[in-house]
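The values are calculated or read from the model by the stated rules, or taken from the named source; none is laboratory data. Just so we're clear, the structure is a prediction, and the values are computed from it rather than from any experiment. Ideal geometry is used to build each Cβ from the backbone, glycine not excepted, and the neighbour counts take in all protein chains shown. Only protein heavy atoms, including side chains, enter the accessible area calculation; ligands, DNA and RNA are left aside. Shrake-Rupley method; radii C 1.70, N 1.55, O 1.52, S 1.80 Å.
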Amino acid sequence: MPAQPATRLRLHGWRHPTVVAVALIGLAAGFAQYTVTASLSDVATAFGATDAPTVAEQAGLSASTVGRGLAVIRFASLAALLLSSFADRVGRRRVLLWCTGAGLALTSVAAASPTFWWFVAIIAVSRPLLSTTTAVGAVVAGEETTSANRSSAVALAIAGYGIGVGLVSLVRVPLDQALGIGFRGLFALTLVPLLLLPLLARLLGEPDRFVALREATAERPRLRALTAVDARLRPRLMLLTVVAFMVNFVTGPINTFLFFYAEGTLGVSRTVMAGAVVGSGLLGLGGLLLGRWVADRSGRRPTAIMFHLLLAVSGIVAYSGSPLALIGGFWLGVTAQAAYGPAFGALSTEVFPTSHRATAQGWLAAAGVLGATAGLVLFGAIRDASGSFVVGALAVAVPCALAATAYLALPETRGLELEQSAPELGFDEQIAGL
């Protein structure tokens with residue numbers, strides 16, 4: 001988008017068309033990304049990657065072909081750090097649309113993969129593009145809205161992604177039973193949101209905050225490396241990367257091993273687990289609404305701390321040894337994770353200036369990938385060494401809980417506009433007056 005002269009920032013509510021477009025784009029990204037998880041067993045069977053795929057192999061924890069492929073896909077997401085930083089140079093809208101379009105196109109191309117490793121290569125390229133879509137979408141939702149609407153806008157973006165994930169599970173079984181489409185048909189369905197992307201592009205605008213920054217810095221050379229962050233912002237970035245790492249450090253293994261533990265160790269039926277998953281959808285929606293409400297009334301920091309701690313507790317409860325505790329811990333974790341999202345999303349947007357905001361989100365996305373991977377490895381190793389799932393859960397949950405103190409070193413940003421909570425470095429007065 002060409003820069004437009006701006007004399008005053010135009011800020012909006014959480015139902016603004018741009019925020020709605022971000023949520024719908026997030027829905028498309030969630031659908032495309034979750035197709036890999038939902039159809040992994042079918043993929044392995046179709047390519048003959050393994051004779052008897054297990055949950056451990058599907059989680060990428062064994063030395064199997066499927067495990068190595070998943071490891072490649074997981075680490076490929078780290079490229080989102082580089083891609084997200086481009087949004088601080090060329091604009092949020094351009095990066096969001098290009099990454100979404102390319103990510104959806106590649107996901108649909110994976111339907112025609114001739115071999116398993118071709119499939120892995122295509123998905124590994126598409127994964128960071130779609131991860132960038134999620135990261136930059138959160139930035140747009142935060143920048144387009146006022147302080148009073150920011151957590152609601154972030155919650156809407158998260159809800160869009162969650163609905164996309166849920167749609168995969170909703171359409172996969174009936175379409176497969178009725179049409180026998182298999183994994184290739186499921187991946188081909190990503191062509192639908194790709195064809196609708198031009199319509200969403202009409203709703204998606206460039207946030208005035210970025211336009212104002214581009215005008216103010218038009219005559220200033222940009223010497224900062226793509227992923228570099230100003231030294232004055234590094235302490236808060238380090239704190240947020242630590243908490244992002246630790247949250248994923250616990251949610252990665254807790255969510256991944258859930259069905260294996262429930263069905264393989266406790267003997268919980270698939271029907272009961274299916275019902276638990278359906279119930280978790282409603283709890284996730286309730287968690288988003290709760291987190292938005294608490295973040296706007298009690299503040300970003302206390303809300304993030306409270307639900308961060310509940311995430312750690314939920315993991316211990318879920319693996320404490322009974323079917324009732326499993327489902328209760330699972331539901332508590334879903335609610336806590338959903339409620340945590342609006343507070344953390346708003347806080348991580350509000351503590352960085354516009355020139356660094358997308359780059360910072362890229363760092364947080366990379367920290368999440370590394371945290372989930374480290375948690376999976378540690379949980380599995382501790383569980384194998386001790387023979388106990390609850391010991392494995394404690395090994396990841398206790399460090400996660402201790403990391404909650406990091407939020408206390410961050411400023412409280414509730415009620416502040418972005419220009420107040422994170423003034424632009426070097427030319428505060430130019431942006432503040434717009």
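Each label point was placed 7 Å from the Cα along the Cα-to-Cβ direction; for Ala105 and Leu196 their separation is 2.0 nm.
If the elastic network links every pair of Cα atoms under 10 Å, which of Gly392, Gly252, Gly275 fluctuates the most in the Gaussian network model of the chain? Result for the chain, Cα springs under 10 Å: Gly275 fluctuates most. When Arg297, Arg150, Arg202 are compared by accessible area at a 1.4 angstrom probe, the order from most to least is Arg202, Arg297, Arg150.
Principal axis extents of the C-alpha atoms in the range 279-380 (largest first, rounded to whole Å): 49, 35, 21.
Could you please put Arg300, Arg234, Arg292 in sequence from largest to smallest accessible area, using a 1.4 Å probe?
Arg234, Arg292, Arg300
Quote the accessible area belonging to Thr37 in square angstrom, nearest 10, computed with a 1.4 Å probe and with ligands, DNA and RNA left uncounted. Approximately 90 Å² of Thr37 is accessible to the 1.4 Å probe. Among Gly137, Gly387, Gly103, the largest mean-square fluctuation in a Gaussian network model of the chain (Cα springs under 10 Å) belongs to Gly387.
Taking each DSSP H run with n ≥ 4 as -39500 (n - 2.57) and averaging over every residue of the chain yields -24000 deg cm²/dmol at 222 nm.
Each eigenvalue of the Cα gyration tensor of the range 249-317, multiplied by 5 and square-rooted, gives one semi-axis; in descending order these are 28, 15, 7 Å. Net length available on complete extension from Ser298 to Ser388 is 28.6 nm, with 0.36 nm assigned per residue and the Cα-Cα distance removed. Per the Debye calculation on the chain with a single equal scatterer at every Cα and no solvent contribution, log₁₀ I(q)/I(0) for q = 0.06, 0.10, 0.11 Å⁻¹ amounts to -0.24, -0.68, -0.82. Residues Met306, Met273, Met238, Met246 ordered from highest to lowest accessible area at a 1.4 Å probe: Met238, Met306, Met246, Met273. Largest mean-square fluctuation among Pro114, Pro423, Pro235, in a Gaussian network model of the chain whose springs join Cα atoms under 10 Å apart, belongs to Pro114.
Close amide H contacts of His12 (hydrogens built in the peptide plane, cut-off under 5 Å, sequence separation of 5 or more or a different chain): Thr145, Thr146. Label zone of Met238 (point 7 Å out along Cα→Cβ, amide N under 14 Å): in the range 72-94 this covers no residue at all. The heavy atoms of Ser355 offer some 20 square angstrom of accessible surface to a 1.4 angstrom probe.
If the chain linking Ala46 and Thr265 were pulled fully straight, counting 0.36 nm for each residue of separation and taking away their Cα-Cα distance, it would gain 76.0 nm.
Fully extending the segment from Gln420 to Glu215 would add 71.9 nm, taking 0.36 nm per residue of separation and subtracting the current Cα-Cα distance.
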